[in-house]
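Asks: Provided herewith is a single structure, encoded as structure tokens, for subsequent inquiry.
The values are calculated or read from the model by the stated rules, or taken from the named source; none is laboratory data. The model shown is predicted, which means the values in this text are computed figures rather than measured ones. All Cβ positions, even for glycine, are placed from backbone atoms using ideal geometry, and neighbour counts span all protein chains on display. Side chains included, ligands, DNA and RNA excluded: accessible areas come from the protein's heavy atoms. Shrake-Rupley method; radii C 1.70, N 1.55, O 1.52, S 1.80 Å.
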Amino acid sequence: MRVSSWLILLVLLSLACVGSPRRAEGGPSRVVVLGASEVPKPAPRGLVGNVFGAEEPRDVVAREGAEALRARGYEVLWVESMAGPAPTVPQASALARRYRADATVVLVLTRLDLSALQPLGQVEVELESLMVGPTGHVWASQERRAATTERLYRARTDWRAHVRQAVIQSVRELP
């Protein structure tokens with residue numbers, strides 16, 4: 001009986017460790033996060049949206065990106081959101097140099113389709129991510145298109161849960 005409880009505990013512990021991928025060894029560990037959005041601020045929807053509806057998509061992307069990177073073991077030195085077009089590689093590398101970081105992680109929300117939000121709890125999200133070192137070396141560059149589905153009631157009225165899910169998926173693919 002005692003051996004089986006230890007075995008169950010060991011299996012549960014190993015499953016908990018597998019849940020969130022850790023950052024790659026030898027890659028950047030100290031990062032700056034820059035969130036941007038080409039999407040205008042969505043109109044508030046429902047009670048939750050009316051109360052919390054003043055937030056810009058670029059701020060959500062930056063905040064959620066920083067949290068997802070911390071969860072993977074990165075040290076986040078600075079978080080910034082940027083209005084306007086996506087930053088260039090030289091701008092991102094200059095930001096890494098300014099904060100003495102190993103890299104700048106740029107997350108850009110390029111599309112947010114909310115047409116199926118209330119009836120289905122589904123949103124189409126397009127997100128670009130870029131990881132640039134202080135010398136201009138591009139560690140990673142990708143574009144991700146996803147249809148996110150959240151089952152919670154709040155997610156049927158609040159687009160932030162869907163953006164968070166897309167950001168987490170994108171950050172998991174960084175080195």
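Asks: Checking the structure you have, find out if any residue of segment 62-79 is farther than 15 Å from Q169 by Cβ and at pLDDT below 85.
Replies: Checked against the condition, which is being farther than 15 Å from Q169 by Cβ and at pLDDT below 85, segment 62-79 yields no hits at all.
Asks: Quick check on my filter: what residues within segment 64-94 are in contact with a strand residue (DSSP E or B) (Cβ under 7 Å, 6 or more places away or on another chain) and assigned to a helix (DSSP H, G or I)? Before you say what the answer is, go through the steps one by one.
Replies: Going residue by residue through segment 64-94, those that are in contact with a strand residue (DSSP E or B) (Cβ under 7 Å, 6 or more places away or on another chain) are 65-66, 69-70, 74-82, 86-87, 89, 92-93.
Once the filter is applied, which keeps residues that are in contact with a strand residue (DSSP E or B) (Cβ under 7 Å, 6 or more places away or on another chain) and assigned to a helix (DSSP H, G or I), segment 64-94 yields G65, A66, L69, R70, V89, A92, S93.
Asks: Right, another one. Do you know which residues across segment 55-85 are in contact (Cβ under 8 Å) with a residue 40 or more places away in the chain, open to solvent by 20 Å² or more (accessible area, probe 1.4 Å), more than 16 Å from L95 (Cβ to Cβ) and under 15 Å from the mean Cα position of the chain (by Cα)?
Replies: Hits for segment 55-85 are E64, A71, G73.
Asks: Now for a different question. What number of residues within segment 125-141 are hydroxyl-bearing (S, T, Y), part of a strand (DSSP E or B) and open to solvent by 70 Å² or more (accessible area, probe 1.4 Å)? Working first, answer last.
Replies: From segment 125-141, those hydroxyl-bearing (S, T, Y) are 129, 135, 141; that's our starting set.
The next check asks that each one be part of a strand (DSSP E or B); those that pass are 129, 141.
Now restrict to residues that are open to solvent by 70 Å² or more (accessible area, probe 1.4 Å): 141.
Of the residues in segment 125-141, 1 are hydroxyl-bearing (S, T, Y), part of a strand (DSSP E or B) and open to solvent by 70 Å² or more (accessible area, probe 1.4 Å).
Asks: Turning to a different aspect of this structure: Tell me, please, whether a residue that is open to solvent by 60 Å² or more (accessible area, probe 1.4 Å), in a strand (DSSP E or B) and at pLDDT 95 or above can be found in segment 98-117.
Replies: For segment 98-117, residues open to solvent by 60 Å² or more (accessible area, probe 1.4 Å), in a strand (DSSP E or B) and at pLDDT 95 or above: absent.
Asks: Just checking, which of S129, S93 is under 16 Å from the mean Cα position of the chain (by Cα) and of a type in the set (S, T, Y)?
Replies: Answer to the selection: S129.
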